[in-house]
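Data block below; observations after.
Any read-out appearing in this document is the output of simple, stated calculations on the displayed coordinates, not a laboratory observation. What you see is a predicted model, and the numbers here were worked out from it, not measured in a lab. In this analysis, Cβ positions are derived from the backbone assuming ideal geometry, glycine residues included, and neighbour counts consider all displayed protein chains.
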């Protein structure tokens, strides 16, 4: 399926969908737009999201999704999504934006529906990868780039390249803005790699991988040629809402465990976290960390920076239930 236009707007639950119900692999869903793409909102009655969707409900592979534009806005709960629901593998998502990519907010009628670029696996098929390039990327109020793993399939990797990436805040239901790959199954999670000039995470935003079950969390590599700032909390009274670059295997509530059929204590490992930049600023209880509260190991935290400023209870830390911790520091003397 190919779409070509000067401008493109999908709103109010309008969508472009490719669904594979058979065994033959789908090709691709391509949208090439000369100017701007706006994906906005949901249908409030049936909670149908606006956007581009590719999915497989059988053994056939999901179609890849390729989107290109000068500017791309994904707002009020809209999505670009590739999903694998059975044994067929998920398709890759490739987004190329010349200027600004904005992933903003949530559906006003249902705040749990956040704006996102997402590949996910809900069955035995592996999830597709995400590759995004843009000059400026803004994510606010729960806007995310993510690849969740909810079954036996493996999560997809996420690669983001930009001059500037700015993620701020959370949704009303607590979803952090940012880039996050989560394991809620036995398949391993996908890695995250950011290649930027400047990265700013504030007011509870995150770059994170996590496991809540058997699968291992993916590793994180953040390389910024100019500066990284990780600042503040979404809620000053809740330390768990801190902005962070982190991989974790946390404990969750019994209610959450029951809903998703999770182990009481996760057995998957947290991933390694690597940060490379000339300037790293962590402040106001924000963190760069690797944490395991389960039976698995925490990842290793590696920081290579020319200058590091940690202020007002900022942290670089690792922690495990077993007490094993590993942090590596080195001074960056050349370019990234």
If you take the alpha carbon radius of gyration of the range 263-326 and divide it by 2.2 N^0.38 Å, what ratio comes out, to two decimals? 1.23
Can you sort 247, 289 by how many other beta carbons sit within 10 Å, fewest first? 289, 247
At a 10 Å Cβ-Cβ cut-off, how would you order 226, 164, 244, fewest neighbours first? 226, 164, 244
So what is the relative contact order for the chain, in percent, with contacts set as C-alpha pairs under 8 Å and at least six apart? 10
Value of [θ]222 nm, deg cm²/dmol, for the chain, DSSP H segments ≥ 4, -39500 (n - 2.57) each, nearest 500: -500 deg cm²/dmol
How high is the relative contact order of the range 75-114, in percent, counting Cα pairs under 8 Å that sit 6 or more residues apart? 52
Cα-Cα P(r), the range 106-228, percent of pairs per 5 Å interval: 3, 13, 21, 23, 20, 14, 6, 1, 0
Quick check on the range 145-210: take the gyration tensor over C-alpha atoms, sort the square-rooted eigenvalues as a ≥ b ≥ c, and tell me if it's rounded (a/c under 1.5), prolate or oblate. oblate
If you count the DSSP beta bridges with both ends in the chain, what percent of them are antiparallel, to the nearest 5? 5
Which of these, 56, 82, 11, has the largest mean-square fluctuation under a Gaussian network model of the chain (Cα springs below 10 Å)? 11
Highest GNM mean-square fluctuation among 138, 27, 36, for the chain with Cα springs under 10 Å, belongs to 27
Histogram of C-alpha separations across the range 73-115, 5 Å bin width, %: 6, 20, 17, 20, 18, 14, 5, 0
If you take the Cα atoms of the range 2-331, find Rg, then find the Kirkwood Rh from the mean of 1/r over all pairs, what is Rg/Rh? 0.96
Computed from the mean reciprocal separation of all distinct C-alpha pairs, what Kirkwood hydrodynamic radius does the range 38-189 have, in Å? 15.0
Quick check: Cα centre of the range 23-45 to Cα centre of the range 184-200, how many Å? 23
For the chain, with a Gaussian network of springs between Cα atoms less than 10 Å apart, report the residue from 267, 144, 255 with the top mean-square fluctuation. 255
Assertion target for 38, 207, ordered by fewest C-beta neighbours within 10 angstrom first, is 38, 207
Would you work out if the range 97-162 is rounded, prolate or oblate? Take a ≥ b ≥ c from the square roots of the eigenvalues of the alpha-carbon gyration tensor; rounded if a/c is under 1.5, else prolate when a/b is larger than b/c, oblate otherwise. oblate
Computed on alpha carbon atoms, what radius of gyration and Dmax characterise the range 253-299, expressed in Å? 15.0, 44
Whole-Å distance, taken between Cα centres, linking the range 270-328 and the range 67-129: 28
